[in-house]
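Encoded as structure tokens, the structure appears first; notes follow it.
The values are calculated or read from the model by the stated rules, or taken from the named source; none is laboratory data. Everything numeric here is computed off the predicted structure, so don't read it as measured data. We place every Cβ from the backbone using ideal geometry, glycine too, and count neighbours over all the protein chains shown.
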Amino acid sequence: MILQGAMAAASLLIDADPGKFSDDSVAIVMCLRSPAKVSVRGVTIVSGNVWAQDGFRYVRDTFSAVGKWPLVHLGAQRPLVHTPEMSKKQGPLEFAGAFAEPEPERQRETAGDFLMNELERRPATVLAIGPLTNIARILEMRPALAQRIERLVIMGGAVDVAGNVTKSAEFNFWFDPEAARAVFRSPVKKLLVPLDVCNQAVVTRRHFDEIAAEDTPVTRLYRESFGNTYPGFLTKPDARTFLWDELAAALVIDPSIATRIETRKLDVETEFGPRYGAVKPGESPVDVVLGADTGRAWAMLRRLLTVGR
């Protein structure tokens, strides 16, 4: 299965959980700098990598570096069911995201109304690169909106490979399994970019140096974050990471980067236990990206991050 070119000129809404210039931030920069391919109508923030209140602040730093200011709205500050207390019962975790930090004071959420109004006004592609809490909420409140989403591109899940937060679950789905299940069971047209394909897109110190060698507001943020925090290329030259949200963004900008897509019938495990948040067989058809031209994806990322303002 190959994606049709209709997605290549996307009217785009982005739902993200950006840390301090994380993979979400890079994905957002890529979309903002591809005006011929996508038109970003707004960004909504969800808790995941960090609490949504912190992500809201971080994404504004990214906008400032790019010199573009799309509409941004604060969304779900907590998962539907999952809590920090529950996460502590799951044993040692590779990464607990926002759950590892104290929860800040809750603020007024506007993302749900924004997403519903925008989709009612005009159909859009939705790039979901964080937990699916915001998307699950709007589909529950207004199920007919599933027909207004031209395609929901989801970075999340581990289909035939191990998870990256527990042995079974990928982080975005683990953080809010109930939301992921609700979205999977909805009639929205879904394209899943799981760990299966992201694991093929390895980022090494050589890749990092290609970005860090340039001096722009964006590359300075990239150098500081990827060099000194995760994965720490400046202090750990043998470190590596992967294209996660960045690969999903690349597929929105250029669908032909996907080289292998299979339609699977899937669901998400919501019984609390070792497999909480795992992808499992189900009844809902999901188009799953299992192969991609990762070299082209990286070349796109490098080009879009290193251009000046």
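Of all residues in the range 91-104, none satisfies being over 25 Å from Val268 (Cα atoms) and buried (at least 16 other Cβ atoms within 10 Å of the Cβ). The selection criterion, being modelled with pLDDT under 95, buried (at least 20 other Cβ atoms within 10 Å of the Cβ) and β-branched (Val, Ile, Thr), holds for Val38. For the range 1-20, taking the residues that are in contact with an Asp or Glu (Cβ under 7 Å, 6 or more places away or on another chain) and modelled with pLDDT of 95 or more, the one that is farthest from Lys190 (Cα to Cα) is identified as Pro18. Scanning the range 41-59 for residues that are of a type outside the set (Gly, Ala, Ser), outside any strand (DSSP E or B) and either surrounded by 19 or more Cβ atoms within 10 Å (Cβ to Cβ) or touching a residue at least 40 places away in the same chain (Cβ under 8 Å) (or both) returns Val46, Asn49, Val50, Trp51, Gln53, Asp54, Phe56, Tyr58, Val59.
Taking helices (runs of 4 or more DSSP H) that do not extend beyond the range 141-252, which have at least 2 residues that are more than 22 Å from Pro92 (Cα to Cα) and touching a strand residue (DSSP E or B) at 6+ places or on another chain (Cβ under 6 Å)?
The helices (runs of 4 or more DSSP H) meeting that bar are 177-185, 195-198.
Here the condition is being out of contact with any Asp or Glu (no Cβ under 7 Å at 6 or more places or on another chain), closer than 28 Å to Val252 by Cα and among the basic types (Lys, Arg); of Arg121, Arg106, it holds for Arg121 alone.
Search the range 92-104 for residues being in contact (Cβ under 8 Å) with a residue 12 or more places away in the chain and not in a helix (DSSP H, G or I), and hand back the single one that is farthest from Ala278 (Cα to Cα). Per the criteria, the residue is Pro104. Residues that are within 25 Å of Asn228 (Cα to Cα), within 17 Å of the chain's Cα centre (by Cα), surrounded by 21 or more Cβ atoms within 10 Å (Cβ to Cβ) and small (Gly, Ala, Ser) are absent from the range 60-75.
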